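The values are calculated or read from the model by the stated rules, or taken from the named source; none is laboratory data. Remember, predicted model here, so these are calculated numbers, not experimental data. Side chains are part of the model used for accessible areas, which takes the heavy atoms of the whole protein and leaves out ligands, DNA and RNA. Shrake-Rupley method; radii C 1.70, N 1.55, O 1.52, S 1.80 Å.
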Amino acid sequence: MTRHDRSAGLVLAFSRGWQVVQEVDLMRLVAFHTGVAALCDALEQCADALPALPDPATCARLCSGLEMVIATGDDDRCPVAPFLRPSGTDPLGTALSRLIETRRVANTVYAQELIAALRPDDETPTPDAATLGYMLRCFFTGCRASIELEQLAILAAAHQRLTAEGRALLVEALGRRAAAG
């Protein structure tokens, strides 16, 4: 595809009222996903090491990562919706946005429960190893599925608006997740 062909495609996309999704538009989201995936890997290592509990420094680092997940679930630091819905009339984008929001709320709740378990106090005792393992696995399994859902949702709902570079970035990110899986 020549530069002129790409330019003509962008003009056509804008003339239809679509927001073209370029690689640069997706970089922040993919970087966020990479950070969450690294947190999931660390939590999986923690679960695999049970019944030995993580040391206080590891717990503090994990809780910091979990707080980041909570913060992004509470605000729009990493919004996916603009990539899914160029207008409010796209039923696929709307359905995918609702599914993603439901997953983010669940991940936020799991993260809050894990923080309470990893930072026990007088009111919240440390759960036994089996319970903590279950909690850890629910969180990192759910977050990994959310990452994949968000990336696939963008590929599906914004497929006509994605530039070749944007599509390549998402496909590469999904490929890394599949290889790590």
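Distant-in-sequence amide contacts of Leu162, defined by a placed amide H-H separation under 5 Å and a gap of 5 or more residues or a different chain, comprise Val21.
Report, to the nearest whole %, how much of the accessible area of region 29-181 belongs to carbon and sulfur atoms, 1.4 Å probe, protein only.
Numbers: 4510 of 7600 Å².
Answer for region 29-181: carbon and sulfur cover 59 percent of the accessible area.
For region 140-169 versus region 119-133, the inter-centroid distance based on Cα atoms is 35 Å.
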